[in-house]
Structure formats: structure tokens, C-alpha cells
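> Sharing a structure, written as C-alpha cells. Questions coming.
What follows draws every value from the coordinates through simple rules; no lab data is involved. Fair warning: this is a prediction, and the values are worked out from it, not measured in the lab. Virtual Cβ from ideal backbone geometry, glycine too; neighbours counted across all protein chains shown.
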Amino acid sequence: MTVHAFSRLLKTDLRNRRNTILITLGALVPVHAALALLIMQQNFDKAQLSFVSTLNIAVYFSAMLLPFVYCFTAWREERRQRSIYLLLSLPIPRTHLLMSKSLAVGWEILLISAVMAAGLTIQNGISDGLLFRTEPLITLNAAKIWFMLRILLAAACLVFLCFFSTLLGACFGKLSLLITCLVFAVGLVVTIVAMANIQPFFVFAFFGLGYFGGSVYLLEKKVGVG
């Protein structure tokens, strides 16, 4: 029953993001086509290829802004549509509510990254492999797995910080937006400072669990949803 309820939650969150995801992915395709055409018209000059690489980075981070913004707006939308009351009345653990939205964000990031990877592969093929080196990407070793794990933990930590900031900010009524921004900024700074003294892996794991636990506590107490 619990697994079924979680599955329905996840499908609902994914359905709510479906149009945004499709529009984002649809916009990325012509952008990559334009960049591929740009490479075809160049003579593979190093400066020109560097400019194309910069454009790709800008496109990727611009696309990633959408799931990042969603992390802040997800709970605000639930409150605005008053569906938060239904969610909190469901006989399921609050962790399921958080994990459902987290997986929806993760799925959106994965799809954007997949389209970006496909576009970059095509561009690199057109440039005869001059756009970037493929060897470090296709080689799999312990160091790379460890690096990827840290990236995943960092992403999860950031998502949970966004959720925690939004839920805590909702406790303060008209000051919710200001408190959300302050809590996020303080949490981000504290996490970064901790990374200077402790291994990033442990920092992301510890703070990520802390932000997740704080979000669960706020949902359990139904703080800021009235």
C-alpha cells in the first residue's frame, strides 16, 4: 500500500512537470542544432571552439535553472493550490513526500543532461574530436566513481536545502520569501565553509541528511501550511 501510494505521488509530481520538461528539452534540440551548424562553418580554430564550449556551458546552466527554481517553488505551489492539505492528510510517511519531489527534480536533471550529452557528442563528432577530449569521459575507474558519487550527494544536498529553506520560510507569513533566501544563503555558506575543513563527501552526506531531516520535521508539524 505504501509503495503504491509513493508511486502515485511520484507520477503526479512528474505529470505536473511534464510540460515544463518537454518545452525545455524541445528548446535544447534547436540550440544544439544551431551550435552544430556553427561548428560546421568554422575552421576548427581553437578560439572559436573555445567560444562554442562556453556557449554549451551557458546553455547547460541556463537549462539547469529550471529544476533549481522548481526546488523553491514546489511547496509554494502546493500551498497556493491548497493541495498541501491533501498531501499532509495522506497516511504515508512525510519522507515519501520529500523523496517524490526530489526524484522528480532528479529525473528532470537527468533528461536535460542526456540531451546535452547527445548534443555535445554530435558537436564533437563534427569537430573531429577537437571540441573536447572523450577519453576521460569514457574511462571508468574508482576515482571517477567516487567523484560522481560526490556530485550526486552535492545535488541531493542542494535540493534538500532548497526544500528546507522554503518550508521554514513558509512559517513566517509575509516574510516567507526573505526568510527562505536568508536560510538558503546561510545554509549554502555553512556547507561551503565546512568543505574547507572536512572531506566534501562527508559534508554533503551530513548536511544533506540534516536538511532532509529538518524538512521532514517541518512537514510532520505542518508548519507554515495554514
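> Given the convex hull of the Cα atoms of the chain, what is a quarter of its surface area in nm²?
Numbers: hull surface 58.4 nm².
Quarter of the Cα hull surface area: 14.6 nm².
> Do you know the Lys pair count in the chain for C-alpha distances under 22 Å, with sequence separation 8 or more or different chains?
So the count works out to 5.
> Peptides 202-208, 28-34, 156-162: what's the order by average Cβ count within 10 Å, highest mean first?
Numbers: 202-208: 18.6, 28-34: 14.4, 156-162: 23.9.
In descending order of packing, they fall as 156-162, 202-208, 28-34.
> While we're on this one: Taking only Cα atoms, what is the 0 to 90° angle, nearest 10, from helix 2-40's long axis to the longest principal axis of the chain?
20 degrees
> Over all directions, how big on average is the projection of the convex hull of the alpha-carbon atoms in the stretch 1-134, in square nanometres?
Values: hull surface 37.4 nm².
That works out to 9.4 nm², a quarter of the Cα hull's surface.
> Angle check, please: helix 94-126 long axis (alpha carbons) against the longest principal axis of the chain (alpha carbons), in degrees 0 to 90, nearest 10.
Tilt relative to the chain: about 10 degrees.
> Within 13 Å, Cβ to Cβ, of residue 22, how many net charges do the neighbouring residues add up to if Lys/Arg are +1 and Asp/Glu are -1? Each step should come with its number before you reach the end.
Working: positive: 15, 17, 18; negative: 108.
Charge balance in the 13 Å sphere: +2.
> Grab every C-alpha pair in the stretch 140-226, bin the distances at 10 angstrom width from 0 up to the longest one, and report whole percents.
Going from the shortest bin to the longest, the percentages are 18, 42, 26, 11, 3, 0.
> Pick from 170, 63, 118: which is most flexible by mean-square fluctuation in a GNM of the chain where alpha carbon atoms under 10 Å apart are linked?
Residue with maximal mean-square fluctuation among 170, 63, 118: 118.
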